[in-house]
Amino acid sequence: MAHDRILVTGGAGFIGSALVRQLLAETEATVINVDKLTYAANLASLPDAAEHPRYRFEHIDICDADAVRRAVTEHQPDAVIHLAAESHVDRSIDGPAEFIQTNIVGTSVLLEAALEFMRSRHKQARSNFRFLHVSTDEVFGSLGEKGLFTEETPYRPNSPYAASKAASDHLVRAWHETYALPTLITNCTNNYGPYQFPEKLIPLMILKALASEPMPVYGAGENVRDWLHVDDHTRALRLVLEHGQVGRTYNIGARCERTNLQIVHAVCDVLDELLPDEAGSRRRLITRVTDRPGHDYRYAMDPTRLEQELGWTPQITLETGLRETVQWYIENRPWWKAIVDGVYCGQRLGKATETPSSVR
């Protein structure tokens, strides 16, 4: 079942822009990008989209019910992929209210608009309509040394960000159970790749290393994450949208666990190979800083359902993907320099007493 008109919320963000680029390049679908253009959104992440005949852009806050309803009615999508969210844990520690507003209230507004629109359609169109909600592994809380999150793992969010995403997941489930809205939910592990906003671990470490600045690692650096290339994630989203079972949740993970320190070491080593520093290995720049509050120890997904039901497997290894990502940041200085010269200069978040550094 191919969808011809797909409305993507948050399509100027990191994962959203990767999805929009992929949909335009690999499908015949018309893509409607609905984005508020907050600090982390960047239309420069969609370099060829504006002139594309199958691309539409709506500058909309998903909390604006009238604007959302108007966009849905005007563009008449047969699918919604909901990625718009405040997504950085550290920022949620400093200012949780914005996360509650966007991630919870915004999701409810979008669900209401989607339900109203779907009910207005004829029977065949209603049966084809899908609402795919994109969420995170952080809703499950923290794992110990062993075990994996499954789709049946109880929710135990530990940060304001995780709690807001957990709430939005529950809303999506409720709209399916109560109103028969044909929803799907995905929960994904840590993404990386080109065009990622530099507050996140991998791009931040790349830019710090390129500037020969201290590379801050929380605590002992032993927190574990399962790393997934953004293009593998977006391929999974497309599979779930087209072939997933309505009402079902699908975990997306690459079975690629690394500690934060291992990731930072890998970034240093790739940079040293691609762009040697006369002063020596970039590992010398690694600096331990006080851990953030509520820092979950380990996340790891069991993607068996996605693998067995839909035949998905990641295509990009961490080694290949990380090397390509580092190379991209080296070669695309204008993209990230516009960010660090403007809305984010590499300062630590989630600990308001810290002062900004000077990534340039």
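Any chance the range 290-313 includes a residue that's farther than 30 Å from Phe129 by Cα, outside any loop (DSSP other than H, G, I, E, B) and of a type in the set (A, V, I, L, M, F, W, C)? So that I can check it myself, show each step before the final result.
Step one: list which residues in the range 290-313 are farther than 30 Å from Phe129 by Cα, which gives 290-300.
Within this subset, residues satisfying the condition of being outside any loop (DSSP other than H, G, I, E, B) are 298.
Among the residues that remain, those that are also of a type in the set (A, V, I, L, M, F, W, C) are: none.
No.
Within the range 64-83, count every residue that is in contact (Cβ under 8 Å) with a residue 60 or more places away in the chain and either polar (S, T, N, Q) or over 20 Å from His3 (Cα atoms) (or both). Spell out how you get there, then give the answer.
Within the range 64-83, the subset in contact (Cβ under 8 Å) with a residue 60 or more places away in the chain is 71-72, 75-83.
Add one more test, that the residue is either polar (S, T, N, Q) or over 20 Å from His3 (Cα atoms) (or both), and what stays is 76.
Residues in the range 64-83 being in contact (Cβ under 8 Å) with a residue 60 or more places away in the chain and either polar (S, T, N, Q) or over 20 Å from His3 (Cα atoms) (or both): 1 in total.
Say we look at the range 6-43 and pick out the residues that are without any contact (Cβ under 8 Å) to a residue 40 or more places away in the chain and touching a Gly at 6+ places or on another chain (Cβ under 9 Å); which of these is surrounded by the fewest Cβ atoms within 10 Å (Cβ to Cβ)?
Of everything passing the filter in the range 6-43, Ala41 is surrounded by the fewest Cβ atoms within 10 Å (Cβ to Cβ).
Could you pull out the residue among Leu322, Leu274, Leu318 that is in contact (Cβ under 8 Å) with a residue 24 or more places away in the chain, of a type in the set (A, V, I, L, M, F, W, C) and surrounded by fewer than 18 Cβ atoms within 10 Å (Cβ to Cβ)? Lay out the reasoning, then the answer.
Working: Leu322 fails: surrounded by fewer than 18 Cβ atoms within 10 Å (Cβ to Cβ); Leu318 fails: surrounded by fewer than 18 Cβ atoms within 10 Å (Cβ to Cβ).
Among Leu322, Leu274, Leu318, only Leu274 is in contact (Cβ under 8 Å) with a residue 24 or more places away in the chain, of a type in the set (A, V, I, L, M, F, W, C) and surrounded by fewer than 18 Cβ atoms within 10 Å (Cβ to Cβ).
Could you list, in sequence order, all residues of the range 203-236 that are crowded, with 23+ Cβ neighbours inside 10 Å, within 23 Å of Arg255 (Cα to Cα) and of a type in the set (A, V, I, L, M)?
Selection gives Met205, Leu228, Val230, Ala236.
Could you please tell me which pairs satisfy a Cβ distance under 6 Å, a separation of 6+ or placement on different chains, a first residue in the range 191-213 that is more than 12 Å from Leu322 (Cα to Cα) and in contact (Cβ under 8 Å) with a residue 24 or more places away in the chain, and a second residue that is among the small types (Gly, Ala, Ser) and assigned to a helix (DSSP H, G or I)?
Tyr195/Ser17; Tyr195/Ser45
If you check Ala236 against the conditions, is it within 19 Å of Phe149 (Cα to Cα) and small (Gly, Ala, Ser)? Break it down stepwise before answering.
Details: within 19 Å of Phe149 (Cα to Cα): yes; small (Gly, Ala, Ser): yes.
Against the criterion (within 19 Å of Phe149 (Cα to Cα) and small (Gly, Ala, Ser)), Ala236 qualifies.
Which one of Glu177, Glu112, Glu138 is over 22 Å from Glu199 (Cα atoms), in contact with a helix residue (DSSP H, G or I) (Cβ under 8 Å, 6 or more places away or on another chain) and in a helix (DSSP H, G or I)? Break it down into steps so the answer makes sense when it comes.
Working: Glu177 fails: in contact with a helix residue (DSSP H, G or I) (Cβ under 8 Å, 6 or more places away or on another chain); Glu138 fails: over 22 Å from Glu199 (Cα atoms).
Within the list Glu177, Glu112, Glu138, the selection yields Glu112.
Among the residues of the range 44-65, is any more than 24 Å from Trp336 (Cβ to Cβ), of a type in the set (A, V, I, L, M), surrounded by fewer than 18 Cβ atoms within 10 Å (Cβ to Cβ) and touching a helix residue (DSSP H, G or I) at 6+ places or on another chain (Cβ under 9 Å)?
Scanning the range 44-65 turns up at least one residue that is more than 24 Å from Trp336 (Cβ to Cβ), of a type in the set (A, V, I, L, M), surrounded by fewer than 18 Cβ atoms within 10 Å (Cβ to Cβ) and touching a helix residue (DSSP H, G or I) at 6+ places or on another chain (Cβ under 9 Å).
Mind counting the residues in the range 122-177 that are at pLDDT 95 or above and of a type in the set (Lys, Arg)?
Total meeting the criteria: 4.
Closer than 16 Å to Pro194 by Cβ and outside any helix (DSSP H, G or I): which single residue out of Ile330, Ile316, Ile339 fits that description? Explain how you work it out, then say what you get.
Working: Ile330 fails: outside any helix (DSSP H, G or I); Ile339 fails: outside any helix (DSSP H, G or I).
Going through Ile330, Ile316, Ile339 in turn, the sole match is Ile316.
For the range 166-180, give me each residue that is on the phi < 0 side of the Ramachandran plot and among the aliphatic types (A, V, I, L, M). Steps first, answer last, please.
Keep residues of the range 166-180 that are on the phi < 0 side of the Ramachandran plot, which gives 166-179.
Listed by number, the residues that qualify are Ala166, Ala167, Leu171, Val172, Ala174.
Checking the conditions here, which among Pro160, Pro154 is surrounded by fewer than 23 Cβ atoms within 10 Å (Cβ to Cβ) and in contact with a Phe, Trp or Tyr (Cβ under 6 Å, 6 or more places away or on another chain)?
Numbers: Pro154 fails: in contact with a Phe, Trp or Tyr (Cβ under 6 Å, 6 or more places away or on another chain).
Criteria check complete, one pass: Pro160.
Residue pairs, Cβ under 6 Å, 6 or more apart or interchain, first in the range 137-159 and touching a residue at least 40 places away in the same chain (Cβ under 8 Å), second among the hydroxyl-bearing types (Ser, Thr, Tyr). List them.
Sorted first by the residue in the range 137-159, then by its partner, the pairs are Asp137/Thr189; Asp137/Tyr299; Val139/Tyr155; Phe140/Thr153; Ser142/Tyr297; Glu151/Thr249; Ser159/Ser92.
Just to be sure, is Arg121 free of Cβ contacts under 8 Å to residues at least 24 places away in the same chain, charged (D, E, K, R), outside any strand (DSSP E or B) and in contact with a Phe, Trp or Tyr (Cβ under 8 Å, 6 or more places away or on another chain)? Reasoning before the result, please.
Working: free of Cβ contacts under 8 Å to residues at least 24 places away in the same chain: yes; charged (D, E, K, R): yes; outside any strand (DSSP E or B): yes; in contact with a Phe, Trp or Tyr (Cβ under 8 Å, 6 or more places away or on another chain): yes.
Taking the combined requirement at face value, the residue satisfies it.
Kindly provide the set of residues from the range 36-59 that are over 14 Å from Gln196 (Cα atoms) and not in a loop (DSSP other than H, G, I, E, B), ordered by number.
Tyr55, Arg56, Phe57, Glu58, His59
The values are calculated or read from the model by the stated rules, or taken from the named source; none is laboratory data. Not measured: the values here are computed from a predicted model. Quick reminder, even Gly has a Cβ in these numbers, built from the backbone with ideal geometry, and neighbours come from all protein chains shown.
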